[in-house]
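S.K.: Let me give you the structure first, and then I'll get to my questions.
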Amino acid sequence: MPDAGMRELTFAQAIREALAEEMRRDPRVCILGEDVAEAGTPFKVLSGLVEEFGTDRVVDTPISEAGFTGVAVGAAMTGLRPVVDIMFGDFLTLTMDQMVNQAAKIHYMSGGKWKVPMVLRTTLGATRRSAAQHSQSLHAWFAHVPGLKVAIPATPYDAKGLLKTAIRDENPVIFFEDKMMHHKLKGNVPAAEFTIPLGVADVKREGTDITLVATSSMVQVALGAAVLLEGAGISAEVVDPRTLWPLDEKTLIDSAKKTSRAIVIDEGYGRYGVTAELASVISQGAFFDLDGPVVRMGAMHIPIPFSPPLEDLTVPTEKSVFETARKMCAKA
Amino acid sequence: MTTAAGASAKTIATLQDRSIQFYRQMVRIRLFEEQVNDLYTRALMPGLAHLYSGEEAIAVGVCGALHQDDYITSTHRGHGHCLAKGASPKLMFAELLGKADGYCHGKGGSMHIADPATGNLGANAIVGGSMGIATGAAFSARRLGNGRVAVCFFGEGALGQGLLYEVMNLAQLWKLPVLYVCENNLYNEYTHFSETTAGDICARPAAFGIHAETVDGQDVHAVYAAAQRLVDRARSGGGPAFLLCNTYRYTGHHVGDINREYYRTRQEEQTWKTERDPIRLLGDRLIAEGLADRGLLEGMEVEIRAEMKAAVEFAMESPYPAAGEVEKHVYA
Ligand SMILES: Cc1ncc(C[n+]2csc(CCOP(=O)(O)OP(=O)(O)O)c2C)c(N)n1
C-alpha cells in the first residue's frame, strides 16, 4: 500500500536511521566498534552518526573484539545501552566468552538482579569474494544459547523496526545483517516512527502449494524462486521468521499445514544449524499435514572458498531452490 | 575545634576505628570460610568452593577504600570480596547451599554471588572473565559522570588471559576509573606462577602507561593506603591503575584439594600461617600500639563466630527454590 510517508531506503540507511532515532530518544545508547566513527565502518553503514552524536557516543575502539564486547557487557549492566559493531561475523569467535559465558548468563546467574541490555550488530553472508574468514554465517551459534536473542532481518523495513526494538530490549540481542544487502537491497520504509516486535514472523509472499521458510539473505533468493515457480504453475509462500529467538513457531507451522510442503533455506551451515531446528519445528507441528519430509537448504559444509565459480556453488540460489521446490511439488 | 591537638586526637580515633573495622572484617571472612569448609566436610554443601583464607587483607584493604556504590567484580575465590563489599553472610550461605533465600535464588552458587545493593557486579567462574565487565562499569561511570570507581579483582593466573591486555589498553586510552587488583597467591590451581608467568608482572600494565604498584598483601593497612591513593586518583580523572598484592592461600585450590604435597610443602604453608598471617599481624599491631587488647579481639572473634553459625543455620533452614524458579530470569 503506497503511503505518502513511505521512502525507499537501502538496508544500510534503514539501520543508520534506527540507530540515529534511538540515540536521539535515549542518551544512554552508544556505539562501540572498530572504525565506527569518522569512517562509519568499512561498510559505511554508520556514516554521519559521529557528526550528530560525537565521539563520546560513537566510539572507535582498538581491534580488540573481546575487550570492547566485554566493556559493553559491563556498561550495559551499569546504565548504558551499548550497541557493539563486529565488522565481520567471522570475528564473533573472538567475542564468544563475553557473549556466551557473560552476557547470556548474568541475568540468570544473579537470580534476576543484573541485566545486560546490549545489542551486538554484525554481518553474515558469502559471495563477496572474501574467502573463508570473512564469509561465514554463524547466527546458529547464538540462537543455541539461552539468554541471548537473535534477529536476522531481510528487508530495510524489518531491519529498522527490529533494530529499534532490539536496542530497547532488556536483554543481549545479536543482530545479523547480510553484508551483500547493505547497499544493494532497497525497500520501502515509513518515515513515521515504528517498531517491530521480536518473535513475529512475516509472510513475505502468500502461496498455496509450497512454503519456503527463508532467513536474511535467503529471503530474496526465495522470493526470486517463487517467481520462477509461478511460471511453472506452482504457488509458493515465503515466510521469514525475522528472529531466530524468540521464534514464531506458529506462523511457520500454519503455513506448512496450509501448503503441505516446506523447504527451509538459510545461509548458515545446515548440520546442527538453523535449518535443522526450523525443519524440526515444522515437522513436529505440521506432521499430519505434510506430504513429505521438510527439505533443508544451506551453505555447503565446507569453509567458503575464494574462487568465484567455487564460492557460488556453496550457497542456495534462486535456481537451486526453484528446482528443489518443483521436484517436491511434482512428486505429490 | 580546629586546634592541632584536636585534629590529631580525631585522627587517632579514626585510625583506631578503621583498624578495628579492618580486623573485624578480616575475621568475618576467615570465620565465614571456616564454616564453608565445615559444611563441605560434613557433606552439607553441594559442589565445591574456593576459600579466601590467608588473603583477607586484600579484599578488606581495597574495599575499605571504596564507597558503597563503587563497583567490584570478583572471582571463583570471591567470598572475601563479597563480604568486604558488604554482602550479608546469611544470604551468601543460602546461596552456597542453593537455597531460595540466596543472593541469586540459589541459581548462582559459590562462584556467582552478585549484589547490586553493594555494587557487586558478580563473581565469575571464568578466569579473567570479568575484566571486560569491570572496565565497562568504569566506562559507564565516566560517561554518566557519577564519580564511581570499578575494581577488578583477579588472581595471578588470570594474567594469562588476553582479555586483560585488551581492556587495560582501552582503560588507559580512555582514562577509565578502574583499578585492576592482582592477587598473587603464588599458585594457578596446582602450578606455581613462576612456571606460567614470564617477565615482571608490573611491566605488563606499565607497557600501557598504566600506573602500577606492588604491595604486601598481608598488611591490610598497606593495601588500604595504596588502594585509597589509586582509587582517589581514578575518581578524580587520573585513569586506571594496577595493584599487585603478594599473598598466599592457606588451604587447597578448593575445599577438596587436601593432599597438596606434590605442589607445595607443608613447611611453606606453615611459614605463611605463622609469620605472615594478616589477622595476626594486625592484631599484634593493634595491641602494640595500645589500640586494642587481647580480650577485645578474642571477644570479637566469639561474637563473629556466633554470627556465622547463625547465618549457616538460617541457610540450612531456608527452603530450596520452587521448581518454577528454574525457568525464571533466562530473559529480563
Ligand atoms: C578460562 C578458564 N580456564 C580455566 C579455568 C579453571 N580454573 C579455575 S581456577 C583456576 C586457577 C586460577 O588461578 P588464579 O587466577 O591465580 O586464582 P586463584 O585460584 O589462585 O585465586 C583455573 C585454571 C577456569 N575457571 N576458567
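The values are calculated or read from the model by the stated rules, or taken from the named source; none is laboratory data. Small disclaimer: the values here were computed from a predicted structure and weren't measured. Using ideal geometry, Cβ is built from the backbone for each residue, glycine included, and neighbour counts are taken over all protein chains shown. The protein model used for the area step is the full one, side chains on, heavy atoms only, and it has no ligands, DNA or RNA in it. Shrake-Rupley method; radii C 1.70, N 1.55, O 1.52, S 1.80 Å.
S.K.: With respect to A:GLY187, determine if the residue is modelled with pLDDT of 95 or more and within 14 Å of another protein chain (Cβ to nearest Cβ).
M.R.: Here the answer is no, as A:GLY187 does not meet what is asked.
S.K.: What are the pairs with Cβ atoms under 7 angstrom where one residue, in the range A:71-95, is within 14 Å of chain B (Cβ to nearest Cβ) and modelled with pLDDT under 95 and the other, located anywhere, is assigned to a strand (DSSP E or B) and open to solvent by less than 10 Å² (accessible area, probe 1.4 Å)? Sequence gap at least six, or different chains.
M.R.: none
S.K.: From (1) under 12 Å from the mean Cα position of the chain (by Cα); (2) within 15 Å of the ligand (Cβ to nearest atom), pick out the condition that doesn't hold for B:LYS85.
M.R.: Every listed condition holds for B:LYS85 apart from (2).
S.K.: Which condition from (1) assigned to a helix (DSSP H, G or I); (2) open to solvent by 10 Å² or more (accessible area, probe 1.4 Å); (3) within 7 Å of chain B (Cβ to nearest Cβ) is the one that A:VAL100 breaks?
M.R.: It is condition (3) that A:VAL100 fails.
S.K.: Consider A:ILE265 against the criteria (1) in contact (Cβ under 8 Å) with a residue 40 or more places away in the chain; (2) part of a helix (DSSP H, G or I): it satisfies all of them except one. Which criterion is unmet?
M.R.: (2)
S.K.: Now for a different question. Within the range A:174-188, is even one residue open to solvent by 10 Å² or more (accessible area, probe 1.4 Å) and either free of Cβ contacts under 8 Å to residues at least 24 places away in the same chain or under 21 Å from A:VAL71 (Cβ atoms) (or both)?
M.R.: Looking through the range A:174-188, none of the residues is open to solvent by 10 Å² or more (accessible area, probe 1.4 Å) and either free of Cβ contacts under 8 Å to residues at least 24 places away in the same chain or under 21 Å from A:VAL71 (Cβ atoms) (or both).
S.K.: Please verify whether the range A:151-162 includes one or more residues that are out of contact with any Gly (no Cβ under 6 Å at 6 or more places or on another chain) and either assigned to a strand (DSSP E or B) or within 14 Å of chain B (Cβ to nearest Cβ) (or both).
M.R.: First, the residues of the range A:151-162 that are out of contact with any Gly (no Cβ under 6 Å at 6 or more places or on another chain): A:151-154, A:158-162.
Next, only the ones that are either assigned to a strand (DSSP E or B) or within 14 Å of chain B (Cβ to nearest Cβ) (or both) stay: A:151.
Within the range A:151-162, one or more residues are out of contact with any Gly (no Cβ under 6 Å at 6 or more places or on another chain) and either assigned to a strand (DSSP E or B) or within 14 Å of chain B (Cβ to nearest Cβ) (or both).
S.K.: Which ones in the range B:115-149 are within 13 Å of A:GLN102 (Cα to Cα) and facing chain A (nearest Cβ under 7 Å)?
M.R.: B:LEU121, B:GLY122, B:ILE126, B:GLY129, B:MET131, B:GLY132, B:ILE133, B:ALA134, B:GLY136
S.K.: If you don't mind, there's one more thing I want to ask. Could you grab me the full set of residues in the range A:75-127 that are among the β-branched types (Val, Ile, Thr) and farther than 23 Å from A:ILE15 by Cα?
M.R.: Result: A:THR78, A:THR93, A:VAL100, A:ILE106.
S.K.: Just need a number here: residues in the range B:43-71 that are in contact (Cβ under 8 Å) with a residue 24 or more places away in the chain, part of a loop (DSSP other than H, G, I, E, B) and away from the ligand (no atom under 12 Å from the Cβ).
M.R.: Qualifying residue count for the region: 11.
S.K.: While we're looking at this one, here's another question. Considering only the range B:155-179, state which residues are within 13 Å of chain A (Cβ to nearest Cβ) and under 17 Å from B:LEU66 (Cβ atoms).
M.R.: If the condition is that a residue be within 13 Å of chain A (Cβ to nearest Cβ) and under 17 Å from B:LEU66 (Cβ atoms), then B:LEU176, B:PRO177, B:VAL178 are the ones that fit.
S.K.: Here's a follow-up. In contact with a Phe, Trp or Tyr (Cβ under 9 Å, 6 or more places away or on another chain) and away from chain B (no Cβ under 11 Å), is that true of A:ALA37?
M.R.: no
S.K.: Failed condition for B:ASN188, given (1) away from chain A (no Cβ under 14 Å); (2) more than 17 Å from B:HIS253 (Cβ to Cβ); (3) surrounded by 14 or more Cβ atoms within 10 Å (Cβ to Cβ), with all others met?
M.R.: (2)
S.K.: Please specify each residue of the range B:315-332 satisfying the condition of being open to solvent by less than 60 Å² (accessible area, probe 1.4 Å) and either assigned to a loop (DSSP other than H, G, I, E, B) or within 23 Å of B:MET45 (Cβ to Cβ) (or both).
M.R.: Hits for the range B:315-332 are B:ALA315, B:SER318, B:PRO321, B:GLU325, B:HIS329, B:VAL330, B:ALA332.
S.K.: Which numbered condition trips up A:ARG242, out of (1) open to solvent by less than 40 Å² (accessible area, probe 1.4 Å); (2) basic (Lys, Arg); (3) more than 24 Å from A:PRO156 (Cβ to Cβ)?
M.R.: The number of the failed condition is (3).
S.K.: Return the residues of the range B:89-127 that are open to solvent by 10 Å² or more (accessible area, probe 1.4 Å), aliphatic (A, V, I, L, M) and within 15 Å of the ligand (Cβ to nearest atom); say none if nothing qualifies.
M.R.: B:MET111, B:ALA125, B:ILE126, B:VAL127
S.K.: Please determine, by comparing only the residues of the range A:57-70 that are over 11 Å from B:VAL167 (Cα atoms) and in contact with a helix residue (DSSP H, G or I) (Cβ under 7 Å, 6 or more places away or on another chain), which one is nearest to the other protein chains (Cβ to nearest Cβ).
M.R.: A:ARG57
S.K.: Looking at A:GLY233, A:GLY199, which one is outside any strand (DSSP E or B) and in contact (Cβ under 8 Å) with a residue 12 or more places away in the chain? Spell out the reasoning first.
M.R.: Values: A:GLY233 fails: in contact (Cβ under 8 Å) with a residue 12 or more places away in the chain.
Exactly one residue qualifies, and that residue is A:GLY199.
S.K.: For the range B:128-151, indicate whether the set of residues that are within 16 Å of the ligand (Cβ to nearest atom) and open to solvent by 30 Å² or more (accessible area, probe 1.4 Å) is non-empty. Show your work before the answer.
M.R.: Residues of the range B:128-151 within 16 Å of the ligand (Cβ to nearest atom): B:128-134, B:151.
If we keep only those that are open to solvent by 30 Å² or more (accessible area, probe 1.4 Å) as well, we get none.
No, that holds for no residue.
S.K.: How many residues does the range B:169-213 contain that are more than 16 Å from the ligand (Cβ to nearest atom) and either closer than 26 Å to A:VAL59 by Cβ or hydroxyl-bearing (Ser, Thr, Tyr) (or both)?
M.R.: 19
S.K.: Mind listing whichever residues of the range B:224-253 are under 25 Å from B:GLY132 (Cα atoms) and either within 16 Å of the ligand (Cβ to nearest atom) or within 14 Å of another protein chain (Cβ to nearest Cβ) (or both)? If you could, list the steps in order and put the result at the bottom.
M.R.: Of the residues in the range B:224-253, the ones under 25 Å from B:GLY132 (Cα atoms) are B:224, B:226-247, B:253.
B:PRO240, B:PHE242, B:LEU243, B:LEU244, B:CYS245, B:ASN246, B:THR247, B:HIS253, listed by residue number.
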